[in-house]
């Protein structure tokens, strides 16, 4: 092995190690995602139809219901209760609010976490009560879980 090959190999190993350390320190975890639910409570959500987390930053997009039949699509930026509203759209609806209560969202997250989900990408519920959860396990492998609201 030449000196040039050795230097290139060492540089590659150092780059991979540095990338792994940075990823470990900035990784979004299920616990940090559960903390973001406080922002939904503070905003006034009563029912949620869809939650979608950004893979690389503490951003959460939410579709669901506020008090008095207002449907809202909101993007929260930041962690925990300190998350700020980045974008919002609201409209009044005649239909009754439906979806998961925030307590049910927490239950779904805890059940999925107990089945190996370490990071959440999306949680959604359809009008028949089927819940779909997408995310990754601790090794970064994609997981898809399905529940029915009756199972909570």
Residues being within 10 Å of the chain's Cα centre (by Cα), crowded, with 18+ Cβ neighbours inside 10 Å and part of a strand (DSSP E or B) - total across segment 28-58: 2
Checklist (1) over 28 Å from residue 116 (Cβ atoms); (2) outside any helix (DSSP H, G or I) applied to residue 68, failing item: (2)
Matching residues in segment 71-88 - criterion: being under 16 Å from residue 102 (Cα atoms) and more than 17 Å from the chain's Cα centre (by Cα): 71, 72
Strands (runs of 3 or more DSSP E) contained in segment 109-149 and holding at least 3 residues surrounded by 15 or more Cβ atoms within 10 Å (Cβ to Cβ) and in contact (Cβ under 8 Å) with a residue 40 or more places away in the chain: 119-125
Meets criteria (surrounded by fewer than 17 Cβ atoms within 10 Å (Cβ to Cβ), within 17 Å of residue 37 (Cα to Cα) and either without any contact (Cβ under 8 Å) to a residue 40 or more places away in the chain or in contact with a helix residue (DSSP H, G or I) (Cβ under 7 Å, 6 or more places away or on another chain) (or both)) for residue 68: no
Condition broken by residue 98, with the remaining ones in (1) touching a strand residue (DSSP E or B) at 6+ places or on another chain (Cβ under 7 Å); (2) part of a helix (DSSP H, G or I) satisfied: (2)
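Computed from the coordinates by the stated procedures, all read-outs in this text should not be read as laboratory data. Keep in mind that this is a model prediction, so the values were computed, not measured. Please note: Cβ atoms are built from the backbone with ideal geometry, for glycine as well, and neighbour counts cover all protein chains shown.
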